[in-house]
1. Tell me the net charge near LEU43. Cut-off is 14 Å between Cβ atoms, LEU43 excluded, with +1 for each Lys or Arg and -1 for each Asp or Glu.
2. For an R0 of 41 angstrom, estimate the FRET efficiency from the Cβ-Cβ distance between ARG30 and ILE59 and round to the nearest 0.05.
3. Applying 1/(1 + (r/R0)^6) with R0 = 22 Å to the Cβ-Cβ distance of ALA45 and ARG77, what FRET efficiency is obtained, to the nearest 0.05?
4. With Kirkwood's inverse mean 1/r over C-alpha pairs for Rh, give me the Rg to Rh ratio of the stretch 3-93, two decimals please.
5. For TYR18 paired with ILE70, estimate the spin-label separation in nm (one decimal), with each label point 7 Å from Cα along the Cα-to-Cβ line.
6. If the only charges are +1 at each Lys and Arg Cβ and -1 at each Asp and Glu Cβ, what is the size of the charge dipole of the stretch 3-93 around the Cα centre, to the nearest 20 debye?
Amino acid sequence: MKYENYKNNHKDMTLRDYLAIDRTILANERTHLSYTRTVVSFLVAALTLYKLLGGIEGIIVALVLIISAIYFLVRGRKTYKDVSENLNLLNISTDDDQNNK
């Protein structure tokens, strides 16, 4: 993490404050990765059950899982962006923000 950004914007912060911000940023990234892992798992399950069940049952189960995976993908990305934007309102830049510049 870049401590220079903290020092420029928050002169009265203590080490505990820096570490709390780092934990928040890392928790946000960890949550985003959990959503991504769930999406991949749903897609693998959809393909597996489609092959195993076959017929109309396999297609229906696969479609339900694929639609669920798309929902989790959109929700996970939105949640990640919302928390990142809230951190930006506090003038705390994350690694994702620095990569976009």
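Readers should treat all values here as calculations from the given coordinates under stated rules, not as data from a laboratory. The structure displayed is predicted, hence computed values, not measured ones. Neighbour counts run over all protein chains shown; Cβ positions are idealised from the backbone, glycine included.
1. Result for the neighbourhood of LEU43: +2.
2. 0.75
3. Between ALA45 and ARG77 the formula returns 0.60.
4. Looking at the stretch 3-93, the ratio lands at 1.27.
5. For TYR18 paired with ILE70, the spin-label model returns 4.6 nm.
6. 100 debye
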